[in-house]
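The block underneath contains the structure these notes are about, expressed in structure tokens.
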Amino acid sequence: MRAPVGDKPSLLSHDDLEGLFHELGHALHVSLTRAPYATLSGYNVEWDYVETPSQALEEWAWQPQVLDAISSLYTDPRQKLPVELRTRMIEARDMDAGMTYSRMLMISSEDMLFHTSHGPVNVTSISDAMYEDLMGIRPITGGHEPATIGHFMGGYDAGYYSYLWSKVYALNVYARFERDGLTNTTTGRDFRHWILEPGNMQDGDVLLRGFLGKEPGMDVFYERLHITLPVK
């Protein structure tokens with residue numbers, strides 16, 4: 001988000017918008033909780049469930065009908081995001097996706113190694129070696145990449161892999177909305193009842209099965225990555 005300049009207000013980039021939807025998921029998880037205990041309310045849940053509502057809501061930021069509804073030219077709200085630009089933006093969503101998921105694999109792996117090593121740990125050396133091995137390029141000299149990852153010090157403790165595992169759950173949640181309709185009120189009520197309200201009064205896998213009506217699967221995640229598995 002850029003600061004306002006003269007008469008031009010501060011405006012959201014699409015990256016900001018996706019972040020806004022993400023954080024809205026956390027906000028809804030906290031504000032709609034019905035758990036009777038603060039320590040079990042909202043997103044005080046298993047680490048592989050914390051990011052489920054937030055990553056599910058990110059998907060709305062990429063849907064044409066949503067972008068049409070919320071975008072406008074600030075000087076003339078009647079002018080929406082041009083269809084051609086919107087289409088190109090959505091088509092470019094997965095640019096460098098391989099790098100993105102390779103980095104998540106790298107961060108998850110180094111996080112686990114940091115917390116399972118014995119004695120003094122040189123986090124920069126470990127990170128640099130793993131970066132080159134998994135990303136295929138050399139890290140920036142003097143970058144100290146682990147110092148840029150707030151989640152390492154935010155309680156994840158050898159559990160950063162859960163962020164990506166939550167993505168699998170999130171895409172399962174979104175798949176039901178995609179099937180039923182993005183603004184389907186019945187599905188929305190079920191989302192509130194099963195995913196947002198209980199907090200940690202029930203395990204996340206129980207809540208997911210309640211919302212989905214089945215076990216969450218990996219298929220939607222592979223589809224999101226454009227990976228086609230061989231038919232057995």
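Things worth noting here:
- Within a Gaussian network of the chain (alpha carbon springs, distance under 10 Å), most fluctuating of T100, T148, T52: T148
- R0 of 22 Å, Cβ-Cβ distance D133-D96: FRET efficiency to nearest 0.05: 0.75
- For the chain, built as a Gaussian network whose Cα springs stay under 10 Å, the top-fluctuating residue of P216, P64, P53: P64
- Modelled this way, with points 7 Å down the Cα-to-C-beta line, the labels at E215 and T148 are 3.9 nm from one another.
- Taking Cα extents along the principal axes in Å as calculated from this structure, the corresponding entry among (1) 59, 48, 46; (2) 65, 35, 32; (3) 55, 47, 28 is (1).
- With a Cα cut-off of under 28 Å and a minimum spacing of 8 residues unless on different chains, the lysine pairs in the chain number 4.
- Whole-Å distance, taken between Cα centres, linking the range 123-195 and the range 29-47: 20
- Between R78, R189, R86, the GNM of the chain built on Cα springs shorter than 10 angstrom shows R78 fluctuating the most.
- Residue-averaged 222 nm ellipticity for the chain, from DSSP H runs of 4+ at -39500 (n - 2.57), nearest 500: -15500 deg cm²/dmol
No lab work stands behind these numbers, since they all come straight from the coordinates. Worth saying up front: this structure is predicted, and the values here are computed from it rather than measured. Neighbour counts run over all protein chains shown; Cβ positions are idealised from the backbone, glycine included.
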